[in-house]
Amino acid sequence: MSIILDKISCKYETDMINEHYALKCITAKIEDGEFIGVIGHTGSGKSTLMQILNGLVVPSGGSVYYNGEDIHEKNYNLYKLRSEVGMVFQYPEHQLFETTVFRDVCFGPKNLGWSKKEIELSAFEALFQMGIESELYYQSPFDLSGGQKRRVAIAGVLAMKPKVLILDEPAVGLDPMGKRNILDKIAEIKAERNCTVILVSHSMDDIADYVNRVWVLDDGKLIIDASVKEVFSHKRDLEEIGLAVPQITSIMHMLKDKGLVVNTNVTTIDEAKMEILRKLR
Amino acid sequence: MIKAENIVYEYIRRDEEGNVEGIDRVLDGISLDVQTGEFIAVIGHNGSGKSTFARNLNRLLTPTEGSLWIDGLNSDDMENTWKIRQSTGMVFQNPDNQIISSVVEEDVGFGPENMGVPTDDIWKRVEDALNAVDMIKYRSYSPNKLSGGQKQRVAIAGVLAMHPKCIILDEATAMLDPQGRLETLQTVKALNKMEKITIILITQDMEEVIYADKVFVMDHGKITMSGTPREIFTNEEALKECQLDLPQALKLANELRKEGIDITEGLLTAEELVDAICQLY
Ligand SMILES: Nc1ncnc2c1ncn2[C@@H]1O[C@H](COP(=O)(O)OP(=O)(O)OP(=O)(O)O)[C@@H](O)[C@H]1O
Ligand SMILES: Nc1ncnc2c1ncn2[C@@H]1O[C@H](COP(=O)(O)OP(=O)(O)OP(=O)(O)O)[C@@H](O)[C@H]1O
Ligand SMILES: [Mg+2]
Ligand SMILES: [Mg+2]
């Protein structure tokens with residue numbers, strides 16, 4: 001079981017004379033149970049690529065194979081694909097529409113042919129996991145704060161228990177503790193169900209803390225597909241394309257520039273602590 | 001620039017027939033004073049009332065109780081709506097709520113045009129604002145066809161072009177790539193320093209708080225802490241209780257202290273931490 005991207009390109013019609021390729025010949029493979037991070041400058045094609053993965057956008061060239069089948073083939077069951085590949089959109093407003101929070105979270109599982117009890121149980125569980133207070137369950141999702149909407153949107157997708165979870169900037173707008181809890185919860189669910197998670201994020205710190213493998217997009221091209229450590233060892237290259245290394249890595253570089261001979265290939269607080277202690281003791 | 005005396009804001013929830021279902025007190029006695037030219041950060045958990053407070057500052061909402069003056073204008077007085085909106089420009093949490101026109105440059109020019117700025121000036125302002133956010137290339141695009149971060153940049157440009165006395169950014173940099181975020185904050189900081197524009201920055205990113213002169217922490221509709229970033233960040237436990245956290249550098253500093261390393265207290269930036277570590281070596 002896997003997802004294969006075979007020379008995917010995507011052209012958008014712009015109002016300009018020139019057509020614009022948002023994605024240029026992307027080839028990659030995702031195995032079951034991977035946790036992939038996707039980074040890239042504003043407009044580099046991340047959201048477009050995610051929408052292609054779940055069949056919402058049709059590529060202008062190339063194919064996506066999900067478990068060996070081409071998802072953009074005429075007879076392919078996209079309905080089934082979307083029940084297995086869940087996607088949280090960059091702006092949560094784009095997926096909230098029911099009259100109450102609870103109904104909204106039930107919407108996805110309802111389409112899966114589950115019993116009423118299973119649906120409601122799954123919805124309650126997801127709402128609880130996302131830390132949504134029970135007072136909000138029967139309010140309109142449109143009357144929520146930005147971070148509350150985000151939590152409901154994630155809950156709606158988690159409630160479907162997808163095999164592949166695509167998260168486009170899921171942590172934006174969450175308060176710092178809420179963000180930790182929710183990303184921890186997602187990592188926990190991933191470990192429990194052995195599902196695949198794809199996380200798009202502008203937070204290099206979150207990418208460093210959670211994912212196993214990173215894709216770096218630059219102007220529609222997949223320029224790096226490597227481990228976290230490998231990707232964040234290219235500080236200068238990342239900065240040139242609008243990105244950065246995690247805060248912690250950048251602190252290690254600053255120490256080194258001051259003449260302290262430390263290993264700069266460090267991405268988390270724990271690693272940094274050990275490395276600095278090693279130097280100071 | 002802003003003076004709030006014990007303001008209360010209540011959302012009234014109604015059922016389908018319009019009967020009052022419940023009253024939510026979302027701002028619960030907020031008093032504060034912001035001087036012209038100050039750079040203020042507002043932080044707080046999801047649903048703590050930050051955006052509601054911001055909407056009161058722009059007179060999209062008016063306090064249920066208490067009094068609020070913006071640039072010397074009493075927000076109770078309906079006649080002041082227009083003047084208040086001219087002096088305080090707001091960038092919303094979701095840029096979709098802000099897009100008015102189908103062409104980027106018209107969208108950015110909408111604010112100044114409404115303010116009666118002469119046409120030649122408008123174009124100059126639009127150009128400067130789009131340059132400031134690095135979106136001049138997209139001037140003739142449709143905002144609906146932009147990526148999430150590109151929309152956010154256009155929304156920021158729209159407010160810059162109004163040349164308001166006070167700019168309110170409600171998580172306006174959350175979708176930007178690391179370089180874009182840095183540049184935007186530097187632009188904002190420069191406007192604040194050079195032109196004495198008052199800045200109200202609402203954010204969940206603790207790294208951004210460092211730019212502020214003063215921080216207000218909101219918790220369940222109340223301001224529970226205020227002070228300089230340095231003061232606010234001395235109390236990790238209190239922040240965590242409010243669902244907040246420290247910037248990465250200060251978390252690392254605290255971890256090192258727990259290991260018995262004698263790092264100077266009261267640090268704020270990564271640079272300061274690096275200097276403190278180098279001194280020990
Ligand atoms: N239109 C509305 N009608 C009723 N309640 C609302 C409405 N908008 C917000 N609320 C409620 O008011 C409270 C404060 O919301 P607000 O948007 O001000 O929070 P916030 O601090 O900006 O949160 P976030 O960090 O998630 O953006 C929340 O509990 C929210 O559910
Ligand atoms: N519907 C559309 N029509 C035309 N062009 C589009 C459309 N959607 C996106 N684009 C363009 O395609 C490119 C890639 O957009 P995409 O939304 O995939 O970027 P992204 O990497 O997700 O960016 P961000 O970090 O800002 O969310 C951008 O240059 C954008 O302007
Ligand atoms: Mg995007
Ligand atoms: Mg808000």
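The values are calculated or read from the model by the stated rules, or taken from the named source; none is laboratory data. Everything numeric here is computed off the predicted structure, so don't read it as measured data. Counting neighbours? That spans all protein chains shown, and the Cβs are built from the backbone with ideal geometry, glycine included. When the accessible area is computed, the model is the full protein with side chains, heavy atoms only, and any ligands, DNA or RNA have been set aside. Shrake-Rupley method; radii C 1.70, N 1.55, O 1.52, S 1.80 Å.
Quick notes
- Taking Cβ atoms as reference points and 14 Å as the exclusive limit, the residues near residue A:195 contribute a net charge of -1, counting Lys and Arg as +1 and Asp and Glu as -1.
- Neighbouring Cβ atoms from other chains, within 10 Å of the Cβ of residues in B:173-186, number 5 on average.
- Beta bridges by DSSP in chain A, antiparallel share as percent, to the nearest 5: 55
- Here the protein assembly as shown carries DSSP beta bridges of which approximately 55% are antiparallel, counting only pairs with both residues inside.
- Taken along its principal axes, the alpha carbon cloud of region B:190-270 reaches lengths of 44, 32, 17 Å, longest axis first.
- Alpha-carbon centroids, region A:135-161 and region A:249-281: separation in whole Å: 40
- Under a model in which nothing but the beta-carbon of Lys, Arg (+1) and Asp, Glu (-1) is charged, chain A shows a dipole of about 500 debye around its Cα centre.
- Averaged per residue, chain A has 43 square angstrom of accessible surface, using a 1.4 angstrom probe with ligands and nucleic acids left out.
- FRET efficiency for residue A:274 and residue A:229, using Cβ-Cβ distance with R0 set to 22 Å, rounded to 0.05: 0.90
- Convex hull volume per residue for region A:1-67, taking Cα atoms only, in Å³: 85
- Entry for the protein assembly as shown at q = 0.05, 0.09, 0.10, 0.11 Å⁻¹: log10 I(q)/I(0) = -0.21, -0.72, -0.90, -1.10, Debye formula applied to identical alpha-carbon scatterers, no solvent contribution.
- Simple label model, 7 Å out from Cα along Cβ direction - residue A:118 to residue A:76, nm: 2.5
- Summed buried accessible surface, chains B and A, 1.4 Å probe, nearest 100 Å²: 4400
- Relative packing of B:245-257, A:74-86, which averages over residues the other C-beta atoms within 10 Å, highest first: B:245-257, A:74-86
- Rounded to the nearest 20 debye, dipole of the protein assembly as shown from Cβ charges on Lys, Arg, Asp, Glu: 920
- Amide H contacts under 5 Å for residue A:9: A:25, A:26, A:60, A:61, A:62, restricted to partners 5 or more places along the chain or on a different chain, H placed in the peptide plane at 1.01 Å from N.
- Interface residues of region A:246-270, defined as those losing at least 10 Å² of solvent-accessible heavy-atom surface relative to the isolated chain (probe radius 1.4 Å), are listed as A:247, A:248, A:251, A:254, A:255, A:258, A:260, A:269.
- Counting lysine pairs in region B:2-246 whose alpha carbons fall under 14 angstrom apart, excluding pairs fewer than 8 residues apart on the same chain, gives 8.
- Sequentially through region A:73-89, phi angles give Karplus couplings (6.51, -1.76, 1.60; θ = phi - 60°) of 5, 4, 8, 5, 7, 5, 4, 5, 4, 5, 7, 9, 10, x, 10, 9, 6 Hz, Gly and Pro residues having no value and appearing as x.
- As a fraction of the 1.4 Å probe accessible area of region B:2-246, surface on carbon and sulfur atoms comes out at 47 percent.
- Highest average packing first - B:23-30, A:108-115, A:45-52, A:151-158, Cβ atoms within 10 Å: A:151-158, A:45-52, B:23-30, A:108-115
- Cα-based radius of gyration of region A:1-153 once divided by 2.2 N^0.38 Å, which approximates compact folds: 1.20
- Surface composition of chain A: carbon and sulfur make up 50 percent of the accessible area, probe 1.4 Å.
- Largest first and in whole Å, the equivalent-ellipsoid semi-axes of chain A read 33, 26, 17, each the square root of five times a Cα gyration tensor eigenvalue.
- Positions from region A:163-178 whose accessible area shrinks by 40 Å² or more when the full protein complex is built, not the chain alone, probe 1.4 Å: A:172, A:173, A:175, A:176, A:177
- Each pair of Cα atoms in region A:165-281 enters the Kirkwood radius, and Stokes-Einstein at 10 °C and 1.306 mPa s then converts it into a translational diffusion coefficient of 102 µm²/s.
- log₁₀ of I(q)/I(0) at q = 0.07, 0.11, 0.12 Å⁻¹ - region B:2-246, Debye sum with one point per alpha carbon: -0.24, -0.59, -0.70
- Those residues of region A:184-214 for which accessible area with every protein chain present is at least 30 Å² below the isolated value (1.4 Å probe): A:202
- 5 angstrom amide H check on residue B:64, placed H, neighbours 5+ away: B:8, B:9, B:10
- Unit charges on C-beta of K, R, D, E only; dipole of region B:1-147, Debye: 360
- Per-residue 3J(HN,Hα) values for region B:196-211, derived from phi via the Karplus relation 6.51 cos²θ - 1.76 cosθ + 1.60 with θ = phi - 60°, read 6, 6, 6, 10, 10, 10, 9, 8, 9, 9, 5, 5, 6, 4, 4, 6 Hz in sequence order (x marks Gly and Pro).
- The residue list A:269, A:139, A:39 was ranked by how far each Cα lies along the charge dipole of chain A toward its positive end, using unit charges on Cβ atoms, and A:269 comes out on top.
- A simple spin-label model places pseudo-atoms 7 Å from Cα toward Cβ; at residue A:212 and residue B:11 they are separated by 4.0 nm.
- Probing with 1.4 Å while keeping every protein chain in the model, the per residue accessible area of region B:2-246 equals 43 Å².
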